[in-house]
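What follows is a short report on a single structure.
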Amino acid sequence: MSKPSFGLSCAVSTPFDANGAIDMQRLIAHAKRCRTEGADSITLFGTTGEGFSVSFEERVRAIGAFKTAGFEMAREVGVGIMAASVGDAAQQCRQALKAGCRHLLLAPPFYAKNVSDDGLFAWHAELFTSLGETARDVILYHLPDVTAVRLSLDLIGRLKIAFPKIVRGVKDSGGDLTHSEALIAKHGELAILIGDERHLAHIVRKGGQGAICGMANLEAKRLRAMVLQGRDDAVITALVDVVVGYPVLSAIKTMIAHRSGDREWQRMRPPLDKLTDERRARLIAKYAAASAQT
């Protein structure tokens with residue numbers, strides 16, 4: 001099997017300090033660790049990174065900090081784009097593109113519900129047109145359980161035909177393996193990426209190009225092997241089963257805190273909460289038991 005061209009991108013968690021600001025030192029150190037452990041790149045401010053709660057000014061500071069820290073932006077750093085308005089999405093895109101970032105993980109407009117494919121096409125078309133010649137490397141983000149917006153196969157086809165130099169791929173976080181397989185069958189020339197790590201090896205064997213995923217904060221080495229070899233990993237399946245039994249974002253931060261011995265990592269940005277001590281202890285025990293499987 002040839003190496004997927006996209007690979008493994010860690011949807012990196014975002015640490016916050018006691019005042020609620022992004023802790024840049026911890027964020028950069030953690031991103032470097034994820035790269036060392038096997039992630040081909042990191043994606044800032046996706047769902048796992050609580051990107052929905054990060055202001056534009058914070059994005060500017062964070063991306064600047066990554067450049068200063070020596071990250072090769074075109075190879076190592078992607079950015080999640082989360083906004084309901086075309087104007088706000090365009091502002092986030094322009095900032096990431098100006099910094100030379102590797103890819104843009106573009107969430108759909110998430111406030112209006114039950115919108116048509118025509119409406120969604122018009123939103124994306126207005127955004128891409130407003131960006132002009134700078135637009136590139138957009139990964140469409142399908143996560144209907146969170147956004148309540150489905151990116152249909154037909155809509156993706158319309159967008160890739162209308163904007164072939166811009167639409168690079170689709171991240172499928174719908175958790176429906178049949179849908180992921182249909183994406184590859186119909187749009188396999190795009191980078192089809194998986195969000196649910198339990199499906200990763202299967203999708204790579206079918207022709208998918210890898211993943212942008214939260215578990216890479218914890219298990220980048222194992223996930224990299226799945227991406228490169230299309231090899232099933234029962235431990236990853238067991239670990240994901242454990243994590244999804246809790247609020248996933250706080251569970252991942254709990255495990256980062258436990259692994260690093262740094263309890264400051266447990267902080268969440270409102271309206272999200274960290275796990276209670278009881279749930280934290282239970283998660284750590286279950287995660288350890290799942291990790292011990294052979």
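To the nearest Å, what is the center-to-center distance of the range 225-294 and the range 191-216, using C-alpha atoms only?
19 Å
Do any GluC sites (Glu not before Pro) in the range 111-220 lie in a loop, going by DSSP, with at most 16 other beta-carbon atoms within 10 Å of their beta carbon, and if so which? Can you show the working numbers first?
Values: sites: E126, E133, E181, E189, E197, E219; in loops: E189.
Here the GluC sites (Glu not before Pro) that fit, given the DSSP loop and packing criteria, are E189.
Kindly state, to the nearest 0.05, the FRET efficiency for E58 paired with V244, given R0 = 35 Å and r defined as their beta-carbon distance. Spell out each step's value before the answer.
Working: r = 28 Å, r/R0 = 0.80.
My answer for the efficiency is 0.80.
Tell me, what ³J(HN,Hα) does each residue in the range 168-173 have, in order and in whole Hz, if you take phi through Karplus 6.51 cos²θ - 1.76 cosθ + 1.60 with θ = phi - 60° and put x for Gly and Pro?
My calculation for the range 168-173 gives 9, x, 9, 9, 9, 10 Hz in order.
Summing +1 for each Lys or Arg and -1 for each Asp or Glu, what net charge is found among the other residues whose Cβ lies under 12 Å from the Cβ of A285? Provide the component values of the computation, followed by the final result.
Details: positive: R279, R280, R282, K286; negative: E278.
Result for the local shell: +3.
Name the residues of the range 175-192 whose amide N is less than 19 Å from a point 7 angstrom out from the Cα of R150 along the C-beta direction?
Counting backbone N atoms under 19 Å from the label point, the list is 175-187.
For every helix of n ≥ 4 consecutive DSSP H residues, a contribution of -39,500 (n - 2.57) applies; sum these over the chain, divide by its total residues, and give [θ] at 222 nm rounded to the nearest 500 deg cm²/dmol.
Values: 13 runs with 143 residues, N = 294.
About -14500 deg cm²/dmol.
Any cysteines in the chain with zero other Cys Cβ atoms under 4.7 Å from their Cβ? List them, or say none.
Within the chain, the cysteines lacking a partner Cβ under 4.7 Å are C93, C101, C213.
If you take every residue apart from W265 with its C-beta less than 14 Å away from the C-beta of W265, what net charge results, scoring Lys and Arg +1 and Asp and Glu -1? Show your work: numbers first, answer last.
Details: positive: R26, R33, K253, R259, R263, R267, R269, K274, R280; negative: D17, D23, E50, D262, E264.
Surrounding charge for W265 is +4.
For K274, go through the lysines and keep the ones whose alpha-carbon is under 21 Å away, minus same-chain ones fewer than eight residues off.
K253, K286
Amide H of L105 versus every other amide H placed in the peptide plane: which residues, excluding those fewer than 5 positions away on the same chain, fall under 5 Å?
Here V79, G80, I81, I139 satisfy the definition.
Which residues' amide hydrogens lie under 5 Å from the amide hydrogen of I212, considering only partners 5 or more residues apart or on another chain, with H built in the peptide plane?
Amide H to amide H, under 5 Å and 5 or more residues apart or across chains, I212 pairs with S9, I194.
Which loop trypsin sites (Lys or Arg not before Pro) in the range 122-207, with loop taken from DSSP, have no more than 12 other Cβ atoms within 10 angstrom of their Cβ?
Numbers: sites: R136, R150, R158, K160, K165, R168, K171, K186, R198, R205, K206; in loops: R136, R150, K165.
Taking the range 122-207 and a limit of 12 other Cβ atoms within 10 Å, the loop trypsin sites (Lys or Arg not before Pro) found are K165.
Among DSSP beta bridges lying fully in the chain, give the percent that are antiparallel, nearest 5.
Details: 1 of 28 bridges.
Roughly 5 percent of the beta bridges in the chain run antiparallel, per DSSP.
Contact order normalised by length for the range 1-154, with contacts defined as Cα pairs under 8 Å and 6 or more residues apart; what percent is it?
Working: 220 pairs, mean separation 28.0, N = 154.
It comes to 18 percent, rounded to a whole number.
Every number in this text was worked out from the coordinates using simple rules, so none of it is lab data. All of these numbers come straight from a predicted model, not from anything done at the bench. Glycine gets a Cβ as well: all are built from the backbone with ideal geometry, and neighbour counts include every protein chain shown.
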